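The values are calculated or read from the model by the stated rules, or taken from the named source; none is laboratory data. Small disclaimer: the values here were computed from a predicted structure and weren't measured. Note: ideal-geometry Cβ built from the backbone for every residue, glycine included; neighbour counts use all protein chains shown. Just so you know, the surface numbers come from the protein's heavy atoms only, side chains and all, with ligands and any DNA or RNA stripped out. Shrake-Rupley method; radii C 1.70, N 1.55, O 1.52, S 1.80 Å.
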Amino acid sequence: HLRSAIIGESVKRITRFMGNKVVGDIHLGDWGYQMGLIITELKKRQPDLPYFDDNFTGEYPKEAPFTISDLEEIYPAASAYAKEHDDYREEALDATFQLQSGKRGYRAIWDHIMNVSVTDLKKNYANLNVEFDLWKGESDAQKYIPDMVERLKKEGYAHIDNGALVVDVKEETDTKEIPPCIILKSDGAALYDTTDLATLVEREELFQPNEVIYVVDKRQELHFVQVFRCAKKTGIVKEDTKLTFLGFGTMNGKDGKPFKTREGGVMRLENLIREITEKMYEKITENRTVSEEEAKATAKMVGMAAIKYGDLSNQAAKDYVFDVDRFTSFEGNTGPYILYTIVRIKSILNRYVEAGGNLEAGEILPASNSSEKNLMLQLSGFGSMIESAFEEKAPHKICAYIYEVSNAFNSFYHETKILSEENQAQKESYIRLLQLTKRVLETSIDLLGFEAPDKM
């Protein structure tokens with residue numbers, strides 16, 4: 001879930017920066033077959049738990065019968081087993097149906113799964129500097145389903161096809177087959193299509209949004225084409241409501257396959273953050289004398305920049321290779337290089353103030369050399385770049401821009417004597433330009449979801 005979190009957070013910040021009111025919703029997939037799988041596997045392992053006793057009428061335990069680590073082992077095991085064993089799969093589908101129908105014991109297990117998972121998620125997202133205004137999920141859309149289904153039937157949008165209730169969404173201009181949107185399966189169970197449509201009903205009721213942006217794996221594209229068309233056709237959303245699918249590619253290891261741990265399992269987010277932070281800590285303490293506490297805090301900030309910039313500098317829809325060595329480098333198109341540039345500017349400004357300089361004095365004069373002119377031209381492009389990043393929901397445009405600004409600044413820095421400039425008005429002009437560069441870079445990295453330390 002790393003990419004949806006990082007890209008979504010940045011798109012949210014950019015959209016807010018442009019003056020819009022934005023509501024961020026995590027939309028947990030908390031109500032489907034995966035819950036049935038966990039319940040079935042738990043029943044197989046611990047059949048004596050009170051949740052599986054239909055005659056149990058007491059209070060269920062407050063403590064969950066599993067930890068987050070248990071869940072991470074239970075779910076893949078159950079998923080793999082179900083693919084090989086049809087009877088087990090049927091049992092899991094039935095458990096899903098019973099949960100959704102309100103079976104008391106299964107609802108209690110579901111509450112445990114949610115509490116354990118959300119606690120872990122909140123901790124991880126806080127580490128990633130990602131925030132949500134709403135912690136809703138598919139389960140929150142349940143109460144909107146019956147009325148929605150009733151209306152789709154009554155108004156003639158939905159019809160029965162092979163036992164399932166569907167809405168046709170194909171259009172004459174389609175060049176490839178667009179299957180109908182399935183509202184209810186033949187056994188009456190709801191699907192992704194159903195909960196996504198019901199979620200739009202809920203959002204319309206609560207927020208009347210002008211636009212809803214979905215940051216989801218690009219392999220889900222067909223599903224969203226169906227849902228968006230169905231929502232428009234049936235009047236679930238207004239004709240002029242914009243529904244946007246921002247599909248992202250996979251994050252791959254150096255072998256070109258989706259990123260895994262050394263043991264071949266899925267890499268846990270906190271382990272990825274820890275690995276990168278440790279690598280940054282080594283680099284920071286290698287050739288500098290800083291206190292351990294300061295080095296740790298700095299390593300965390302620089303590690304976050306390495307992860308986020310490494311991801312966001314690629315176009316969202318493209319798959320990319322997560323190369324730890326490259327992303328943590330202080331040279332080249334990386335997060336640490338951008339931060340290093342900001343820290344360099346902070347250091348010059350601090351030395352200027354320590355020597356008695358006034359940051360408010362003077363104004364920016366016309367460029368005195370070609371590298372200064374280039375830096376000025378780069379800075380003047382900030383407004384149009386942000387507009388373009390907002391219009392196209394493209395954080396990679398901010399990354400490309402700040403890399404250019406950082407290169408322009410570093411060329412200017414190497415070619416210009418800033419603090420030893422003898423002409424006072426010229427020196428004040430340089431300092432003013434540095435402050436502007438710092439503001440542009442700091443505003444930009446904030447929109448990408450990370451920040452710069454004071455020292456590195």
I'd like to verify a number: residues in the stretch 408-456 that are modelled with pLDDT under 95 and buried (at least 21 other Cβ atoms within 10 Å of the Cβ), how many?
1
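State whether one or more residues within the stretch 81-93 are open to solvent by 30 Å² or more (accessible area, probe 1.4 Å) and within 30 Å of ILE6 (Cα to Cα). Don't jump to the end; show me each part of the working.
Let us first name the residues in the stretch 81-93 that are open to solvent by 30 Å² or more (accessible area, probe 1.4 Å), namely 81, 83-87, 89-91, 93.
The next check asks that each one be within 30 Å of ILE6 (Cα to Cα); those that pass are none.
Checking the stretch 81-93: not a single residue is open to solvent by 30 Å² or more (accessible area, probe 1.4 Å) and within 30 Å of ILE6 (Cα to Cα).
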Of the residues GLU270, GLU278, which is closer than 26 Å to ALA80 by Cα, part of a helix (DSSP H, G or I) and open to solvent by 10 Å² or more (accessible area, probe 1.4 Å)?
GLU270
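Only one of LEU134, LEU165 is surrounded by 15 or more Cβ atoms within 10 Å (Cβ to Cβ) and not small (Gly, Ala, Ser). Can you tell me which?
Numbers: LEU134 fails: surrounded by 15 or more Cβ atoms within 10 Å (Cβ to Cβ).
Only one candidate qualifies: LEU165.
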Check every one of the helices (runs of 4 or more DSSP H) wholly within the stretch 348-449 and list those with 3 or more residues that are under 16 Å from SER10 (Cβ atoms).
382-391, 395-415, 424-448
The one condition SER10 fails out of (1) farther than 28 Å from LYS260 by Cα; (2) in a helix (DSSP H, G or I) is (1)
So GLY310 passes all but one of these: (1) in a helix (DSSP H, G or I); (2) farther than 29 Å from ILE273 by Cβ. Which condition number does it fail?
(2)
Considering only residues of the stretch 359-382 that are more than 41 Å from the chain's Cα centre (by Cα) and in contact (Cβ under 8 Å) with a residue 12 or more places away in the chain, which is least open to solvent (accessible area, probe 1.4 Å)?
ALA361
Scan the stretch 45-66 for residues that are surrounded by 14 or more Cβ atoms within 10 Å (Cβ to Cβ), more than 35 Å from the chain's Cα centre (by Cα) and closer than 16 Å to ASP94 by Cβ and jot them down.
PHE52
Of all residues in the stretch 187-203, which are at pLDDT 95 or above and open to solvent by 30 Å² or more (accessible area, probe 1.4 Å)?
VAL201, ARG203
Of residues in the stretch 224-245 being touching a residue at least 60 places away in the same chain (Cβ under 8 Å) and open to solvent by less than 10 Å² (accessible area, probe 1.4 Å), the one nearest to TYR214 (Cα to Cα):
CYS230
Do we find a residue being modelled with pLDDT under 90, open to solvent by 50 Å² or more (accessible area, probe 1.4 Å) and assigned to a helix (DSSP H, G or I) anywhere in the stretch 314-325?
yes
Go through the stretch 28-44 and count every residue that is at pLDDT 95 or above and open to solvent by 30 Å² or more (accessible area, probe 1.4 Å).
2
